[in-house]
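Report on the structure given below.
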Amino acid sequence: MTFSCPEWEDVRMNAAFAGLVTGLSLIVAIGAQNAYVMRMGLTRRYVGLVVTLCAVSDVLLIVLGVAGIGGVVHSASWALQLLRWVGVAYLLYFSFSSFRKARHPEVLIPTDERSPAERSVLATTLALTFLNPHVYIDTVLLLGSIGNQYGHAKWWFAVGASVSSVLWFSTLGFGARFAARYMARPLTWRILDSLIGLIMLLVAVKLLVTPLPA
């Protein structure tokens, strides 16, 4: 026979809900990673792979943060600075590529011949995820710090935050597929790729000017 404490169940549910809301508040923003997920969803190319990689990466970082790795991240200022410059360079390259695509837009006709290589998609997804030092500050340090305030219920906070990531990336990636039929005009892709290029450029600038932990 097992016994449950209503107060303990309330604490767990409150922690899980707080994790869900906090996770969504941090992840639901137009950034480089989200822009890429949306584009892959619209083109209906490797959507499952991209969504899975982003969600699993987020869950991993959340678990590390709640497990107490945030202190290590905070003290590794040199690593964050290195990631900053590598991330800026990659984002600028991605921005340039998006603006170049905008000049010669592709109409949505998903075929094997026109699909990017799986290895390229894998590398791009991981780069946009892990080359941004703010992902460690927000996901590992911030979520980890908030989660640890819930004591023994911290893993319920982690569950809630992890669910938010899975829900968001699944909605963004697979949901975008339903809008794909409206993307058959070159002008639409010219606008979309121009916006993605602008987003990547703004994220790179923000990465340059935002102070990192000393």
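The values are calculated or read from the model by the stated rules, or taken from the named source; none is laboratory data. These numbers come from a predicted model, not from an experiment. Heads up, the Cβs are rebuilt from the backbone with ideal geometry, glycines too, and the neighbour counts pull from every protein chain shown.
Observations, loosely collected:
- Residue satisfying all of: in segment 7-35; under 24 Å from Leu192 (Cβ atoms) and surrounded by fewer than 16 Cβ atoms within 10 Å (Cβ to Cβ); modelled with the lowest pLDDT among these: Ile30
- Of all residues in segment 134-150, those satisfying the criterion of being under 12 Å from the mean Cα position of the chain (by Cα) and crowded, with 24+ Cβ neighbours inside 10 Å are Tyr136, Thr139.
- Segment 38-63, subset buried (at least 24 other Cβ atoms within 10 Å of the Cβ) and among the β-branched types (Val, Ile, Thr), residue farthest from Gly160 (Cα to Cα): Val50
- Members of segment 143-197 that are touching a residue at least 60 places away in the same chain (Cβ under 8 Å) and not in a helix (DSSP H, G or I): Tyr150, Met183, Ala184, Arg185
- All conditions in (1) at pLDDT below 85; (2) within 28 Å of Arg44 (Cα to Cα) hold for Tyr136, with the sole exception of (2).
- All conditions in (1) farther than 19 Å from Ala32 by Cβ; (2) crowded, with 21+ Cβ neighbours inside 10 Å; (3) among the hydrophobic types (A, V, I, L, M, F, W, C); (4) at pLDDT below 90 hold for Ile196, with the sole exception of (1).
- Residue in segment 55-103 that is nearest to Val205 (Cα to Cα), counting only those that are among the β-branched types (Val, Ile, Thr) and at pLDDT below 85: Val88
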